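Just so it is clear, none of the values below were taken in a lab; they were calculated from the coordinates. Predicted model only: the values in this text are computed from it and were never measured. Note that we place each Cβ from the backbone using ideal geometry, even for glycine, and neighbour counts take in every protein chain shown.
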Amino acid sequence: MPIIRVENLVKSYGSLTAVDGISFEVEEGTIFGFLGPNGAGKTTTINVLCTLISATSGKAFINGYDCLKEPSRVRKSIGIVFQDTTLDKDLTAYENLVFHAYLYGVKKSEIKGRVHDALNFVQLYERKDDLVKKYSGGMKRRLEVARGLIHQPRVLFLDEPTLGLDPQSRANLWGVITEMPKKHNVTIFMTTHYMEEAEVCDKIAIIDNGKIIAEGSPEELKKTVGGDVISLRTRDNEWSAGEIRKMFGIDSVEKDGELYLTTGRGDSCIPELIRGLGDNVLSVKLQRPTINDVFLKLTGKAIRDEDVSGMSNIKEEVRAYRRRH
Amino acid sequence: MFHLPPLTPPYKRRGNKCHELIFMEFNAIYVLVAREFKKFIRERSRLVSAIARPLLWLFLVGAGMSRLVSPDAGMPYTQFIFPGILGMTILFSSVFSSISIIWDKEFGFFREILAAPVSRMSIVIGKGLSGTVVSTIQAAIVLMLFPVLGLRLGPLQIVEVLIISIALSFCISTFGILLATFYESYESFSVIMNFIIMPMFFLSGAMYPVKLLPKPLAVAAQLNPLTYGIDALKNVIFPVEEGPMSADFGLVTDMAVILILSFAFVVISARLFERKK
Ligand SMILES: Nc1ncnc2c1ncn2[C@@H]1O[C@H](COP(=O)(O)OP(=O)(O)O)[C@@H](O)[C@H]1O
Ligand SMILES: [Mg+2]
């Protein structure tokens, strides 16, 4: 039985339909990626699943409980890392986690152990007694992931977990996320608008304008846009193009002094190609289709990596400043 | 295309026994109070200003005003405003504690609380008791000044004052929570302070007896929860039961109003915290 099941879910704000009749299932123990540009309806979907807002119509179940009718049971089954930080910055990391443990009714005798384990898991144990306001963005995110695990949820929701993090923190967080399903026996439901992050998901659904426009494993989705593209520079493009036609029966295209050819299995083509063309080849490059290409093909537009968090960080700084003064 | 699950899996029914649910709610209330208390202890400036404000009012405003009040009014003016100053201490600290919900909303932490599997009622009660604890502590500190003002209170009266303080603190804290449900950003803080809290203070019988107010203001004072708290304190603290400066209502009326209002504030706030449409 799937751990999350959503059927024809609709959420409207007045005349705006933020989520427009989506259906999907998530299998237990997998990483499910919910992909889409800003404003596609990802956060709204999470808010309905997490019982924070009501749905206009449709059904949603988590862990067998009805998200629309059994909020308390659903809440016990899930952990949430919201898009914006929801830590108490005036408490220490340790205190934030203990607060969470009490709030979720963790037995007193277990609190200490679980908090320690969670802090160790995200490598923040050394900094546990620092006030959260001294934490970097990446540390805060990791702490929130740790907090989401304290009550041992069946599903952990991560809304744009890597938004606004520097590459190193992102990689670090990714290590943590991909480890979770096995280590903590939890299913991951994450949203992102960074296409390359979707590659590690077991299954992804692409959402645009409130509708799911594609669904499947990353490999399946990438297959839909056609094969790999090999680009090569040679001493003699005309001769090489002829050889390639003889070897593979493929016409190659010349652009900006480079030859481009599209094939099904690019990696196994390359050795043959080099053998055939000999030292005529100056350089070879293999480009595999990305999820971004999938999105591009489906919608005719690219998902832009505009940095939303840039703005919200500034906003937060201003607020913090005003609060202090 | 999709099928409903035929049966609920066995693990579903675990963990929902009655005593476990009560345990969860109790834990949530406890941890909300513990958080507030920890922050209160940590923020020295809050404590200092909480104690300094009543002292300033008592000795600067009180001493100055006492020259205007005729000596045969029944008691010195500094004694008259003592219940009002206790009420003010409770008003400011309770409202400040509850209004911190707006900060929590602004900084996101409130979502952590709202997403938890606890009833909205427990969240309101937990927040209300948070304000109650810190307010009562501050009121108790201010109460220790009574000998300096020439008031005589026996142990029973001190206990009564503390009980009234607890009830009034809870009432004002839950009122503050209700206010906080209407605001999303702390820019509204000064609006709340200037247009709700200060008028509440001045129209509470703290500075002048309600019976001496002109009719429209007296009506406003009677709609003010703080009025009944301060009146209850007057009933217990003042040595005289007659005269222009005595209490305006009976102690039973005062307490009944405070308790009924507290209940109403809790129920309404809990309703408003239910999930958004
Ligand atoms: N509370 C709300 N009231 C009105 N419109 C909303 C509200 N929340 C979200 N929306 C709108 O719903 C759409 C989807 O938003 P959201 O789910 O936040 O997108 P995403 O998380 O994919 O970026 C957007 O057009 C947004 O403006
Ligand atoms: Mg979002």
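For the reader, a short list of remarks on this structure follows.
- Centre-to-centre separation between the Cα atoms of the range B:50-127 and those of the range B:140-186: 7 Å.
- Across the range B:24-117 the C-alpha pair distances fall into 10 Å bins from zero in the proportions 13, 33, 24, 16, 10, 3 percent.
- Alpha-carbon gyration tensor eigenvalues x 5, square-rooted, for the range A:227-288, Å: 15, 12, 11
- Inter-chain Cβ neighbour count for B:26-39, averaged per residue, equals 4 (cutoff 10 Å, partner chain atoms only).
- Sorting A:TRP174, A:TRP239 from the fewest to the most surrounding beta carbons within 10 angstrom yields A:TRP239, A:TRP174.
- Average 1/r across all pairs of distinct alpha carbons in the range B:118-163, invert it, and you get the Kirkwood radius: 12.4 Å.
- Between B:LYS38 and B:GLU184, residue separation times 0.36 nm minus the direct Cα-Cα distance comes to 50.1 nm.
- In a reduced charge model with +1 at each Lys and Arg Cβ and -1 at each Asp and Glu Cβ, the range A:44-128 shows a dipole moment near 280 debye about its Cα centre.
- GNM flexibility winner over chain A from A:GLN152, A:GLN168, A:GLN83 (Cα, springs under 10 Å): A:GLN168
- At 0.890 mPa s and 25 °C, Stokes D of the range A:27-142 from Kirkwood alpha-carbon radius, µm² per second: 151 µm²/s
- For B:PHE265, B:PHE59, B:PHE182, B:PHE82, order by how many other beta-carbon atoms lie within 10 Å, fewest first: B:PHE182, B:PHE59, B:PHE265, B:PHE82
- Checked against a 28 Å cut-off, the cross-linked pairs A:LYS76/A:LYS222; A:LYS107/A:LYS182; A:LYS108/B:LYS38 give Cα-Cα distances beyond that limit for A:LYS76/A:LYS222.
- Listed from fewest to most Cβ neighbours within 10 Å, the set A:VAL81, B:VAL148, B:VAL161 follows the order B:VAL148, B:VAL161, A:VAL81.
- Hull shadow area, averaged, the range A:1-82 [alpha-carbon convex hull, nm²]: 5.3 nm²
- Two-decimal log10 I(q)/I(0) for the range A:57-108, as the Debye equation yields it once each C-alpha is a single scatterer, q = 0.13, 0.27 Å⁻¹: -0.45, -1.06
- Computed log10 I(q)/I(0) for the range A:74-162 at 0.17 Å⁻¹: -0.63, from the Debye equation with unit scatterers placed on every C-alpha and solvent omitted.
- Shape metrics for the range A:157-237, restricted to C-alpha atoms - Rg then Dmax, Å: 16.5, 56
- Separation of alpha-carbon centers, the range A:1-28 and the range A:83-145, rounded to whole Å: 31 Å
- Cα-based reach from A:LYS128 at 14 Å (exclusive), listing aspartates and glutamates while leaving out same-chain residues under 8 positions away: A:ASP88, A:ASP90, A:GLU95, A:ASP117, A:GLU144
- Taking chain B and dividing mean pair separation by its residue count, relative contact order in percent (alpha carbons under 8 Å, at least six apart): 24 percent
- Taking packing as the residue-averaged number of other Cβ atoms within 10 angstrom, the listed peptides B:96-107, B:229-240 run from highest to lowest as B:229-240, B:96-107.
- Between the range B:206-256 and the range A:180-256, the Cα center-to-center distance that results, in Å: 77 Å
- Listed by chain and number, the lysines placed with their C-alpha closer than 22 angstrom to that of A:LYS11 are A:LYS42, A:LYS59, A:LYS69, A:LYS211, B:LYS276, B:LYS277; residues fewer than eight positions away on the same chain are left out.
- Global dimensions of the range B:179-243 from alpha-carbon coordinates: Rg and Dmax equal 14.4, 47 Å.
- Range of Cα positions in the range B:18-272 per principal axis (Å), largest first: 60, 39, 37
- Here B:MET198 and B:ILE260 are evaluated by their C-beta separation; at R0 = 22 Å the FRET efficiency comes out at 0.30.
- The Kirkwood hydrodynamic radius of the range A:4-222, based on inverse pair distances between different Cα atoms, is 17.6 Å.
- Shielding by partners - mean other protein chain Cβ count within 10 Å, residues of A:99-111: 5
- Unit Cα scatterers, Debye sum, the range B:166-277: log10 I(q)/I(0) for q = 0.11 Å⁻¹: -0.40
- Modelled spin labels at B:ARG152 and B:GLU242, positioned 7 Å past Cα toward Cβ, are 1.9 nm from each other.
- Enclosed volume per residue, in Å³, of the convex hull spanned by Cα atoms of the protein assembly as shown: 195 Å³
- Stretched out straight at 0.36 nm per residue, the stretch from A:THR178 to A:GLU28 would grow longer than its current Cα-Cα span by 52.6 nm.
- Peptides A:125-136, A:101-112, A:2-13 ordered by average Cβ neighbours within 10 Å, highest first: A:2-13, A:101-112, A:125-136
- Difference of contour (0.36 nm per residue) and Cα-Cα distance, A:ASN280 to A:HIS116: 53.0 nm
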